[in-house]
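Beneath this line is the structure, given in structure tokens, with notes to follow.
The values are calculated or read from the model by the stated rules, or taken from the named source; none is laboratory data. From a predicted model like this one, the values you see are computed outputs, not experimental measurements. Backbone-built Cβ (ideal geometry, glycine too); neighbour counts: all protein chains shown.
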Amino acid sequence: MLPLEVAKQLIKDKAVIQDSKTEIFSFENGVNNSGDFTTMGTISSSTMKLWGTVYKVTSDRTNYDKFYIYGNFQWLKSPFYELVDKMTFGFPSSAGFFLPTSNGKVTQHQHRYSQNPQGNGNWIDYAIDYSPSDWEPNAGVAGEFDLRSSTEFTLHKGYMGQYVYVPTKNNGTINIKIEYGHQLYIGEPSVSVFPAGLSITPSKSVDTASYALTLSY
């Protein structure tokens, strides 16, 4: 279910869904060798739910198509480590997608964190952040989520959305990679640019989950 503020904006934008996907992941705590990193696997004993969608919306720029990329995560049980996590949207530079900017900053972005302190369904929505924590030209954006610990039952969820443009003359089919990085021990996940776009940097102290959306334009 979309947050109310997102749903209202998409209705205003006359959004048409292009692709979506939902996956259940579970973090695997294991022994890592130096240089290795642990990833989440799709198993029945799930701990976190992720889903993502991409919409085509009404463009406010002549000769450009406009899309809205949306990603959402929700912890189904309290994680052992509650630090700063990140979510990334990545797309290949060859697609010709670009981020809107103003006064030197990426715009038309939002990400928000929510906390359920007692795990009883009573969520606290924290302020919306309208600037990405990281971004790279023609490659994607990231948002950070500070998992606030209250009790052993505390649950967490959050979402991120970003508008992108592409020249109408461009056409093709690409994958948009949505990735979630869960920090272990100390610090926060870092990001890097790969051929597929902006993603979480592999690390032995970060668990990751990723999935792809397919967009034809």
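Answer yes if at least one residue in the range 103-123 is crowded, with 21+ Cβ neighbours inside 10 Å, touching a Leu at 6+ places or on another chain (Cβ under 7 Å) and either small (Gly, Ala, Ser) or in a loop (DSSP other than H, G, I, E, B) (or both), and no otherwise.
No, the range 103-123 has no match at all.
Give the residue, chosen from Ser93, Ser192, Ser131, that is of a type outside the set (Asp, Glu) and in contact with a Lys or Arg (Cβ under 8 Å, 6 or more places away or on another chain). Outline the logic, then answer.
On the way: Ser93 fails: in contact with a Lys or Arg (Cβ under 8 Å, 6 or more places away or on another chain); Ser192 fails: in contact with a Lys or Arg (Cβ under 8 Å, 6 or more places away or on another chain).
Within the list Ser93, Ser192, Ser131, the selection yields Ser131.
Let's see how each residue does on (1) surrounded by 14 or more Cβ atoms within 10 Å (Cβ to Cβ); (2) under 12 Å from the mean Cα position of the chain (by Cα); (3) of a type outside the set (Phe, Trp, Tyr):
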residue: Ser131; (1), (2), (3): no, no, yes
residue: Thr154; (1), (2), (3): yes, no, yes
residue: Lys157; (1), (2), (3): yes, yes, yes
residue: Val166; (1), (2), (3): yes, no, yes
residue: Lys177; (1), (2), (3): yes, yes, yes
residue: Gly181; (1), (2), (3): yes, yes, yes
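In the range 150-170, how many residues are at pLDDT 90 or above and either closer than 27 Å to Asp13 by Cβ or of a type in the set (Asp, Glu) (or both)?
14
Among the numbered criteria (1) under 18 Å from the mean Cα position of the chain (by Cα); (2) surrounded by 16 or more Cβ atoms within 10 Å (Cβ to Cβ); (3) closer than 18 Å to Asn170 by Cβ; (4) of a type outside the set (D, E, K, R), which one does Asn72 miss?
Checking Asn72 against (1) under 18 Å from the mean Cα position of the chain (by Cα); (2) surrounded by 16 or more Cβ atoms within 10 Å (Cβ to Cβ); (3) closer than 18 Å to Asn170 by Cβ; (4) of a type outside the set (D, E, K, R), the one that fails is (3).
Got at least one residue in the range 202-215 being under 25 Å from Asp60 (Cα atoms) and modelled with pLDDT of 95 or more? Steps first, please.
Let us first name the residues in the range 202-215 that are under 25 Å from Asp60 (Cα atoms), namely 213-215.
Those left that are additionally modelled with pLDDT of 95 or more: none.
Scanning the range 202-215 turns up no residue that is under 25 Å from Asp60 (Cα atoms) and modelled with pLDDT of 95 or more.
If I filter the range 95-114 for residues that are under 22 Å from Ile174 (Cα atoms) and modelled with pLDDT under 95, do I get at least one hit?
yes
Quick check, is Glu179 closer than 22 Å to Leu76 by Cβ, part of a loop (DSSP other than H, G, I, E, B) and of a type outside the set (A, V, I, L, M)?
Working: closer than 22 Å to Leu76 by Cβ: yes; part of a loop (DSSP other than H, G, I, E, B): no; of a type outside the set (A, V, I, L, M): yes.
Considered against the rule, which asks whether it is closer than 22 Å to Leu76 by Cβ, part of a loop (DSSP other than H, G, I, E, B) and of a type outside the set (A, V, I, L, M), Glu179 comes out as no.
Within the range 138-155, work out how many residues are assigned to a loop (DSSP other than H, G, I, E, B) and either closer than 14 Å to Glu82 by Cβ or basic (Lys, Arg) (or both).
Residues in the range 138-155 being assigned to a loop (DSSP other than H, G, I, E, B) and either closer than 14 Å to Glu82 by Cβ or basic (Lys, Arg) (or both): 8 in total.
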